[in-house]
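Below: the structure, in structure tokens.
The values are calculated or read from the model by the stated rules, or taken from the named source; none is laboratory data. Predicted, not measured: the structure shown is a model, and the values here were computed from it. Note: ideal-geometry Cβ built from the backbone for every residue, glycine included; neighbour counts use all protein chains shown.
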Amino acid sequence: MNLKPQDVVVALKLCGYPAGRPPISIVASDLGLSPSEVHGAIQRLRSSRLLHGPALKDKPNISGLEEFLVHGLKYAFPAEHGEVTRGIPTSYAAEPLRSQIAMSNDLPPVWPWHDGDTRGVGLEPLYKSVPHAALRDPALYELLALVDAIRDGRARERNLAERDLVHRLKSIHGQP
């Protein structure tokens, strides 16, 4: 069973539920996905050992997720650039990296979004519902922006994003 890009989005959202996974319908609503999409994602994440399974309330396997996001994500789901468009800042152009990296005169990476207020170079999100879900959940937005910096960033951006993402994932679940 192969992972799909939306599985990464579901896994990151599940990190935001420290007590365990709520009903699939709630996760689906939070992400703008159908319940069947979330159910399929959960099954694939379990098969890939990125979720612990029902006995542990489908809590993410933080060490496995960390390893996949840092070392495999950019190869499994490489960044795809589009045209200049209006959208929502991502990668180094969004927090938490925006305050750590000096912006150049280049157009920033953005998820294309009809209501976006930033002009930039389109960077296709992991899944079509990402901009909507990110706008509804600031913590998820930051995780997704870090993931995009890993998928698409230059070495310095990737290193900062990797370090921050690992720290966030561990702190979410009380690991040192």
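Worth a mention:
- For the condition in contact with a strand residue (DSSP E or B) (Cβ under 8 Å, 6 or more places away or on another chain) and assigned to a helix (DSSP H, G or I), A149 does not qualify.
- In region 75-95, residue surrounded by the fewest Cβ atoms within 10 Å (Cβ to Cβ) [restricted to those that are touching a residue at least 60 places away in the same chain (Cβ under 8 Å) and over 20 Å from D106 (Cβ atoms)]: A76
- Some residue of region 78-86 being touching a helix residue (DSSP H, G or I) at 6+ places or on another chain (Cβ under 7 Å), within 19 Å of V9 (Cβ to Cβ) and not basic (K, R): yes
Each row is one residue, and each column tells you yes or no for (1) under 14 Å from the mean Cα position of the chain (by Cα); (2) more than 22 Å from H167 (Cα to Cα).
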{"position": "L31", "(1), (2)": "yes, yes"}
{"position": "P35", "(1), (2)": "no, yes"}
{"position": "R44", "(1), (2)": "no, yes"}
{"position": "R49", "(1), (2)": "no, no"}
{"position": "P54", "(1), (2)": "no, yes"}
{"position": "K59", "(1), (2)": "no, no"}
{"position": "G64", "(1), (2)": "no, no"}
{"position": "F68", "(1), (2)": "yes, no"}
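- A102 meets each of the listed conditions (1) closer than 20 Å to R163 by Cα; (2) over 17 Å from the mean Cα position of the chain (by Cα); (3) modelled with pLDDT of 95 or more apart from (3).
- Residue ID - surrounded by the most Cβ atoms within 10 Å (Cβ to Cβ), chosen from residues in region 109-160 that are of a type in the set (D, E) and more than 28 Å from I26 (Cβ to Cβ): D152
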